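The values are calculated or read from the model by the stated rules, or taken from the named source; none is laboratory data. What you are looking at is a predicted structure, and each value in this text was computed from that prediction instead of being measured. Glycine gets a Cβ as well: all are built from the backbone with ideal geometry, and neighbour counts include every protein chain shown. Each accessible area value is taken on the protein alone, full model and side chains, heavy atoms only, with ligands, DNA and RNA left out. Shrake-Rupley method; radii C 1.70, N 1.55, O 1.52, S 1.80 Å.
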Amino acid sequence: MKTLLLAFSAILITFHFNMLQGQNIAEQLGYQKDAKLLIIHADDLGVAHSENRASMHGLAHTPVNSASIMVPCPWFPEIAGYAKKNDSFDLGVHLTLNSEWSFYKWGPVTAKDSVYSLVDANGYFFDNIPEVVQKGNPKHVKLELENQIKMALHNGIDVTHLDTHMGTAVATKEFLKHYIELGNQYELPVLLTGDPRLTKDEEIKALVETGNQVIVDNLYSAYPEHFKTGMSDFYTKILKELQPGLSTILIHLAYDDDEMKAVTKGKIDWGAAWRQADLDFFSSPECQQLITEHDIVLVTWREVRDKIVRQ
């Protein structure tokens, strides 16, 4: 009888798995097959008080429905406290290996002598991706990234997903491998999209499948040319032309105030005015109207975590 029950259970599990395998992401999340699913995601929480204030406003009062936190940054304690008190918000860890601003710096949460390949002569993260790729020991990368996740969890954050600041954590195959491994280890979805390694590299492909990881169909993020021609035009076009499947818009919310101007001093791209422009568009009635008119369904990484990765 016990053998029969075990066999029957195995059949049910296999059947359930195969049913899920036959469904697209929308169906697995409980929506229509051709639904236009969208995560509007704010990066860089924790980098500054201005960033935190604007992002908290966005999460509470606008269609922005997801965000991620830079654990090594100076204003992490503020956003961690907010996250602990507002655990319904969709907050992930923005895994960080760079400190890109000229006069505002941060370093690893791990003891520097344990991840020495990741820091410059002053103990800060390198400001650019190529230097991390050239000098960063993959073992140090994995140690630091895991400690950022642990620190977020230790501070009471209900981490819903992982993504990567500036894309550095996926810049090499070894980095990407550790990134996905950590997602699988903590049963968290990791932001993955349009990378041929995910389907053509057998080792990486196996990691994606093992963790029930989801590959986003479309990822949108503004670049300098979009800021020059107008953020409103860029985002309006995305919302009007959004296709069925799971899409993500990556944005950066902050106020164009003295603090953010000082943080981003000497930089226009991704600077204070850029972040204010993001906030202005996604706070506008026009943004909400576009979402409604084009039948866009806002979903979160929490849904992906609980209904797919942890199913």
> Within the range 216-233, how many residues are touching a helix residue (DSSP H, G or I) at 6+ places or on another chain (Cβ under 6 Å) and open to solvent by 40 Å² or more (accessible area, probe 1.4 Å)?
Replying inline: 4
> Can you name the residue in the range 184-202 that is farther than 20 Å from D90 by Cα and under 16 Å from the mean Cα position of the chain (by Cα) and, of all such residues, is most open to solvent (accessible area, probe 1.4 Å)?
Replying inline: G194
>> Can you tell me which condition K205 does not meet? The list is (1) in contact with a Lys or Arg (Cβ under 9 Å, 6 or more places away or on another chain); (2) surrounded by 16 or more Cβ atoms within 10 Å (Cβ to Cβ), and all the others hold.
In response: (2)
>> Could you go through the range 125-132 and let me know if any residue there is within 23 Å of E187 (Cβ to Cβ), of a type outside the set (A, V, I, L, M, F, W, C) and open to solvent by less than 60 Å² (accessible area, probe 1.4 Å).
In response: no
>> Looking at E181 and the list (1) closer than 26 Å to L59 by Cα; (2) out of contact with any strand residue (DSSP E or B) (no Cβ under 7 Å at 6 or more places or on another chain); (3) open to solvent by 20 Å² or more (accessible area, probe 1.4 Å), which single condition is not satisfied?
In response: (1)
>> Show me the helices (runs of 4 or more DSSP H) entirely contained within the range 246-311 in which 2 or more residues are free of Cβ contacts under 8 Å to residues at least 60 places away in the same chain and open to solvent by 10 Å² or more (accessible area, probe 1.4 Å).
In response: 258-263, 272-282, 285-293
>> Need pairs with beta-carbon distance below 9 Å; first residue closer than 15 Å to I251 by Cα and within the range 211-240, second among the aromatic types (F, W, Y) and in a strand (DSSP E or B); sequence gap 6+ or separate chains.
In response: F234/Y220; Y235/Y220; I238/Y220
> Going by the structure shown, is D43 modelled with pLDDT of 95 or more, crowded, with 19+ Cβ neighbours inside 10 Å and under 27 Å from E131 (Cβ atoms)?
Replying inline: yes
> Tally time: how many residues in the range 149-208 are in a helix (DSSP H, G or I) and acidic (D, E)?
Replying inline: 4
>> Can you find, within the range 86-117, the residue that is nearest to G58 (Cα to Cα) among those that are over 21 Å from the mean Cα position of the chain (by Cα) and not in a loop (DSSP other than H, G, I, E, B)?
In response: K112
> Failed condition for I69, given (1) in contact with a strand residue (DSSP E or B) (Cβ under 8 Å, 6 or more places away or on another chain); (2) over 30 Å from L242 (Cα atoms); (3) buried (at least 18 other Cβ atoms within 10 Å of the Cβ), with all others met?
Replying inline: (2)
